[in-house]
Every structure is written in structure tokens, then in C-alpha cells.
Amino acid sequence: MNRIRLGVNIDHVATLREARKTTEPDPVTAAMMAEMGGADQITFHLREDRRHIQNRDARLITEMAQTMVNLEMAATVEMQEIALALHPDSVTLVPEKREEVTTEGGLDLLRGTEKYAEVVKALKDGGIKVAAFVGPDQAQIKEASKLGFNAVEIHTGEYANATRAEFDRALKAVRDAAQSGRKHGLAVHAGHGLTYHNVREMVAIHDIEELNIGHSIISRAVFVGLEQAVREMVELLKR
Ligand code: PXP
């Protein structure tokens, strides 16, 4: 492929709707418009507290999407059952803390190994690809491979928030993690905090095949429309 795959995370559209507990803006419409703009995948996070995406959104988006659907979720029995019923193309397991504003860090796969192994097996048996959202950390990536994940999504938050002095080291950590993922036979995705201004360095890392981007695209969409905002990001992902 001559460009990195783009998953557009549409949670923030649901956040705006939930701010008023009303019916607009509808994340289902957002998913359709993101596809019109050239998204390769629709990504959403069905949180245990349902603070933004609701079961109804998850069901309709999974039914209606013409591209791939990536469900982000915690590794719980409830979410596993929902995933098996919805049957998205992929699931990305993420940590969840009730008090967090967004997904703050990656999973610690070295703790609760059995739980992850069970969820990964159940989802894979159901024909769903499974990714682990982990920090740019060699031990976590090695464990993801041992646990049978198909992919890792590298948390790019530290890279995105790095000061000028920290930037090179944070970028190298993502690059090394991507290389390690590929060496362990995993598909490599990345995401969190990526913007129109910091995505170029990610595109240059050829071990990364997919980016999931939400906040920056939805923010731009407020001014230029979602289809246009997605189109502009797609343009930046060309290799
Ligand atoms: N990938 C994962 C696993 C996430 O949890 C999030 C945030 O919901 C994103 C990507 C997108 O992050 P952002 O909204 O900062 O682009």
C-alpha cells in the first residue's frame, strides 16, 4: 500500500451528543462521512461507563460501515460478549480507568496475563483480529506476541506530548517499538495524540501500517467539515 491505513476515531462526536443527552451530532453519520472522506476504518471505544459511544451506535456503525470497523474495549466478559455479537473486523484491547479523560497509557500485559490470553483466544476463535494497545515498550510487545495478539497499537501519547528536548527520544522509542513488533510477527498500528502537525514522523516509520486518529480530525471538522478533515489527513498519510 502506498499510504498508511487511517482509522478515524469518532468517539468525540458522541461526546458532544452526550454533553446534552440528545440525538445530535450522530456518530453514525460521522462514520459515514469519514468513509466519504477516505477513511479506511472506523474506530470507536465502547467504554464500560458508556460516557460517549452507546450500544446503539456500536451496533449501527458495525452494520453500516463499508470499510473496516475497529472496536476499542476493555478486556472484560461483558465487552467480550458484545464484541462477539457485533463482530467488528478488529478489536483493540485498551486499559480503562473511570476517572481518566482519555485512554492515558497502554495495557500492562505482564499482569493479568491469563485474562488477556482468554479474551484474545475467544475473539480470534470468533474470527476477529485482536490488537493490544501498549506503550512503546519492548517487554510489552514481546508479551503481546506470546499472548497470541495479531497486532499491537503503539501508544503515541508520549511522542505527541514531548517537549523539544524529549522529542528525539520519544520518536526513537516509537520507531524501535514498531520494529520490534514487526520482528515478533505482529501487525503494527499506532495512535493517540496524533495531529496534522506531528503525523509526518509516524508516516516515515515503515513498520507502522495503521494509525487511529480522533481528536485532531474531529476538531478540524468543526471548521471544515468531517469529510474534508479526513481527506486532508489521508493526504498526509501518503508514502
Ligand atoms: N487509539 C486508541 C487505542 C485510543 O484509545 C485513542 C483515544 O480514544 C486513539 C487511538 C485516538 O486518540 P486521539 O483522539 O488522541 O487521536
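The values are calculated or read from the model by the stated rules, or taken from the named source; none is laboratory data. Since this is a predicted model, take the numbers as computed values, not measurements. Reconstructed Cβ throughout: ideal geometry from the backbone, glycine too, with neighbour counts over all protein chains shown. Remember, those area values only see protein heavy atoms, side chains included, never the ligands or the DNA or RNA. Shrake-Rupley method; radii C 1.70, N 1.55, O 1.52, S 1.80 Å.
The figures follow:
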{"item": "The chain, relative contact order [Cα under 8 Å, separation at least 6], %", "result": "22"}
{"item": "Point-charge dipole on Cβ atoms (K/R +1, D/E -1) for segment 1-83, about Cα centre, debye to 20", "result": "180"}
{"item": "Assigned charges on the beta-carbon of Lys, Arg, Asp, Glu; segment 50-164 dipole about Cα centre (debye)", "result": "60"}
{"item": "Computed [θ] at 222 nm, deg cm²/dmol, the chain (DSSP H ≥ 4; -39,500 (n - 2.57); rounded to nearest 500)", "result": "-14000 deg cm²/dmol"}
{"item": "³J(HN,Hα) computed for each position of segment 69-80 - Karplus, 6.51 cos²θ - 1.76 cosθ + 1.60, integer Hz, glycine/proline x", "result": "10, 10, 9, 8, 7, 7, 7, 10, 5, 4, 5, 4"}
{"item": "Restricting segment 98-142 to trypsin sites (Lys or Arg not before Pro) in coil, as DSSP defines it, with at most 15 other Cβ within 10 Å", "result": "98, 111"}
{"item": "Long-range HN-HN contacts of residue 187 with modeled amide H, under 5 Å", "result": "151, 152"}
{"item": "Length gained when the stretch residue 77-residue 196 is fully extended (0.36 nm per residue, less Cα-Cα span)", "result": "39.2 nm"}
{"item": "Positive-pole candidate from 120, 64, 190, dipole of the chain, charges at beta carbon", "result": "190"}
{"item": "Exposure of residue 87 as accessible area (Å², to 10), given a probe of 1.4 Å and all protein chains", "result": "90"}
{"item": "Spherically averaged projected area in nm², based on the convex hull that wraps the Cα atoms of the chain", "result": "12.1"}
{"item": "Separation of the residue 26 and residue 54 label points, Cα + 7 Å toward Cβ, nm", "result": "1.2"}
{"item": "Within segment 106-239: Cβ-based charge dipole about Cα centre, in debye rounded to nearest 20 (Lys, Arg +1; Asp, Glu -1)", "result": "220"}
{"item": "Rounded FRET efficiency, nearest 0.05, which uses the C-beta distance separating residue 3 from residue 118 and R0 of 35 Å", "result": "0.45"}
{"item": "Loop-located GluC sites (Glu not before Pro) in segment 6-73, at most 13 other Cβ atoms within 10 Å (DSSP)", "result": "48"}
{"item": "Contour excess over end-to-end distance, with Cα ends at residue 163 and residue 19 and 0.36 nm allotted per residue", "result": "48.6 nm"}
{"item": "Calculated FRET value between residue 63 and residue 231, using beta carbons and R₀ = 22 Å, to 0.05", "result": "0.35"}
{"item": "Antiparallel content of DSSP bridges confined to segment 1-72, in %, to 5", "result": "0"}
{"item": "In Hz, Karplus ³J(HN,Hα) per residue of segment 152-160 (6.51, -1.76, 1.60; θ = phi - 60°; x = Gly, Pro)", "result": "10, 9, 7, 6, 9, x, 5, 4, 5"}
{"item": "Count, lysine Cα pairs under 19 Å in the chain, 8 or more residues apart or across chains", "result": "17"}
{"item": "10 Å beta-carbon shell around residue 75, net charge (K/R +1, D/E -1)", "result": "-1"}
